[in-house]
Amino acid sequence: MRMYPLYEFPQSLTQLTQLLHLIEKVQPINKIEAVSLVEKLYGKRNSRSEITIRNLRDLGVLSGYKNIMLSSETQLYLDMNKNLSQLLLFFIYKKNDLFRLCNDLYTIKDFMELDNPELLNALYSIGYQREKLATGREKIYAIKRLVSCCIDINFQGLNPFESYLLYREFIKALQESYFDLSHGNFGEAIAITSMRDYMIKKQQCSSTEQFQKFIQSLYSDIILSRNVSFTTANVEFAGLGYHEINGTNYYFIKLLSHITEEDTLF
């Protein structure tokens with residue numbers, strides 16, 4: 001396996017957010033001017049600043065070539081003042097080799113304390129292809145920064161990549177179960193409790209608690225929930241019981257379109 005070609009990434013979520021807000025104020029911005037922003041903000045050489053812009057665009061955080069702007073997903077996260085670590089996980093998940101690399105790096109014991117050559121040797125020992133020392137150090141330097149930006153300070157100790165993978169597997173299972181219950185139709189109102197019981201029966205979900213955790217994550221997911229509708233019903237029609245999400249009782253779930261296309265990760 002070759003390491004994903006990421007060579008530059010901001011040092012922290014704070015630095016990333018600062019850059020994105022600067023671009024937001026002047027977008028679309030000429031690529032040369034965007035590179036100049038990175039130079040001034042991070043104190044990097046022109047060539048490294050250009051790589052930063054290119055890598056952020058390749059990842060999906062930015063869009064455009066001659067003129068740079070925020071991607072639609074990034075703009076949505078800034079508009080809603082959401083935690084950018086979840087946005088990064090969304091983009092990383094779309095790139096199988098990058099997601100696998102980030103997860104492998106995170107699972108190395110004390111990875112944040114090891115220096116770059118030690119991390120490279122650890123990755124080589126589990127099957128990653130050896131590269132020129134300078135190239136390998138460049139990549140591990142950027143990947144380590146990216147991984148650290150994905151760690152939610154509210155959930156220290158939890159592997160963010162394993163957690164996100166479980167969440168996306170739940171989304172796939174939810175979509176599959178919805179089509180079973182709606183006979184393949186979008187826009188059908190399915191009782192959330194029926195969906196929960198059906199998924200547990202099919203062993204697509206291990207418990208009510210796990211269903212609650214992931215359905216709440218979906219409800220709060222400003223990207224994946226765009227094609228999902230949660231609605232309520234008058235009490236006299238709510239015979240199957242309400243389901244509480246974020247302090248509000250809901251009864252139905254509707255899929256207006258695909259939540260996610262078929263995933264091929266791993």
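On the basis of being open to solvent by less than 70 Å² (accessible area, probe 1.4 Å), acidic (Asp, Glu) and free of Cβ contacts under 8 Å to residues at least 40 places away in the same chain, does residue 33 make the cut?
On the way: open to solvent by less than 70 Å² (accessible area, probe 1.4 Å): no; acidic (Asp, Glu): yes; free of Cβ contacts under 8 Å to residues at least 40 places away in the same chain: yes.
When the stated conditions are applied, residue 33 does not pass them.
Whenever a residue of region 58-71 is closer than 12 Å to residue 24 by Cβ, its partners that are open to solvent by 30 Å² or more (accessible area, probe 1.4 Å) and assigned to a loop (DSSP other than H, G, I, E, B), lying with C-beta atoms within less than 8 angstrom and at least six residues away or across chains, give the pairs 68/27; 68/28; 69/27; 69/28; 70/27.
Would you mind stating whether residue 119 is surrounded by 14 or more Cβ atoms within 10 Å (Cβ to Cβ), touching a helix residue (DSSP H, G or I) at 6+ places or on another chain (Cβ under 6 Å) and modelled with pLDDT under 95? Working first, answer last.
Numbers: surrounded by 14 or more Cβ atoms within 10 Å (Cβ to Cβ): yes; touching a helix residue (DSSP H, G or I) at 6+ places or on another chain (Cβ under 6 Å): yes; modelled with pLDDT under 95: yes.
It is true that residue 119 is surrounded by 14 or more Cβ atoms within 10 Å (Cβ to Cβ), touching a helix residue (DSSP H, G or I) at 6+ places or on another chain (Cβ under 6 Å) and modelled with pLDDT under 95.
For residue 79, the criteria (1) within 14 Å of the chain's Cα centre (by Cα); (2) at pLDDT 95 or above hold in every case but one, which is (1). The number of residues in region 36-60 that are closer than 28 Å to residue 99 by Cα and either polar (S, T, N, Q) or exposed (fewer than 13 other Cβ atoms within 10 Å of the Cβ) (or both) comes to 4. Evaluating residue 129 against the criteria (1) in a helix (DSSP H, G or I); (2) in contact (Cβ under 8 Å) with a residue 60 or more places away in the chain; (3) out of contact with any helix residue (DSSP H, G or I) (no Cβ under 9 Å at 6 or more places or on another chain) leaves one unmet condition, (1).
When region 122-138 is filtered for residues that are under 27 Å from the mean Cα position of the chain (by Cα) and under 17 Å from residue 103 (Cα atoms), the ones remaining, listed by number, are 122, 123, 124, 126, 127, 128, 129.
Looking at 12, 63, which is the one that is of a type in the set (S, T, N, Q), surrounded by fewer than 20 Cβ atoms within 10 Å (Cβ to Cβ) and closer than 16 Å to residue 141 by Cα? Steps first, please.
On the way: 63 fails: closer than 16 Å to residue 141 by Cα.
Step by step, each of 12, 63 is checked, and only 12 is of a type in the set (S, T, N, Q), surrounded by fewer than 20 Cβ atoms within 10 Å (Cβ to Cβ) and closer than 16 Å to residue 141 by Cα.
In region 124-147, the residue that is modelled with the lowest pLDDT out of those that are open to solvent by less than 40 Å² (accessible area, probe 1.4 Å) and more than 22 Å from residue 10 (Cα to Cα) is 131.
Test of understanding: among 98, 88, 105, which residue is at pLDDT 95 or above, surrounded by 13 or more Cβ atoms within 10 Å (Cβ to Cβ) and either touching a Lys or Arg at 6+ places or on another chain (Cβ under 9 Å) or assigned to a loop (DSSP other than H, G, I, E, B) (or both)?
Details: 98 fails: either touching a Lys or Arg at 6+ places or on another chain (Cβ under 9 Å) or assigned to a loop (DSSP other than H, G, I, E, B) (or both); 88 fails: either touching a Lys or Arg at 6+ places or on another chain (Cβ under 9 Å) or assigned to a loop (DSSP other than H, G, I, E, B) (or both).
Step by step, each of 98, 88, 105 is checked, and only 105 is at pLDDT 95 or above, surrounded by 13 or more Cβ atoms within 10 Å (Cβ to Cβ) and either touching a Lys or Arg at 6+ places or on another chain (Cβ under 9 Å) or assigned to a loop (DSSP other than H, G, I, E, B) (or both).
Checking the stated criteria, residue 122 turns out to be free of Cβ contacts under 8 Å to residues at least 24 places away in the same chain, among the small types (Gly, Ala, Ser) and assigned to a helix (DSSP H, G or I).
Which ones in region 187-216 are charged (D, E, K, R) and part of a helix (DSSP H, G or I)?
Taking region 187-216 first, the residues charged (D, E, K, R) are 188, 196-197, 201-202, 209, 213.
Across region 187-216, the qualifying residues are 196, 197, 201, 209, 213.
The residues in region 168-199 that are of a type in the set (Phe, Trp, Tyr) and either in contact with a Lys or Arg (Cβ under 9 Å, 6 or more places away or on another chain) or under 25 Å from residue 89 (Cα atoms) (or both) can be counted, and the count is 3.
The values are calculated or read from the model by the stated rules, or taken from the named source; none is laboratory data. In this text the structure is predicted, and so the values were computed from the model without any measurement. All Cβ positions, glycine included, derive from the backbone under ideal geometry; neighbour counts span all protein chains shown. Heads up: the accessible areas ignore ligands, DNA and RNA and are worked out on the full protein's heavy atoms, side chains in. Shrake-Rupley method; radii C 1.70, N 1.55, O 1.52, S 1.80 Å.
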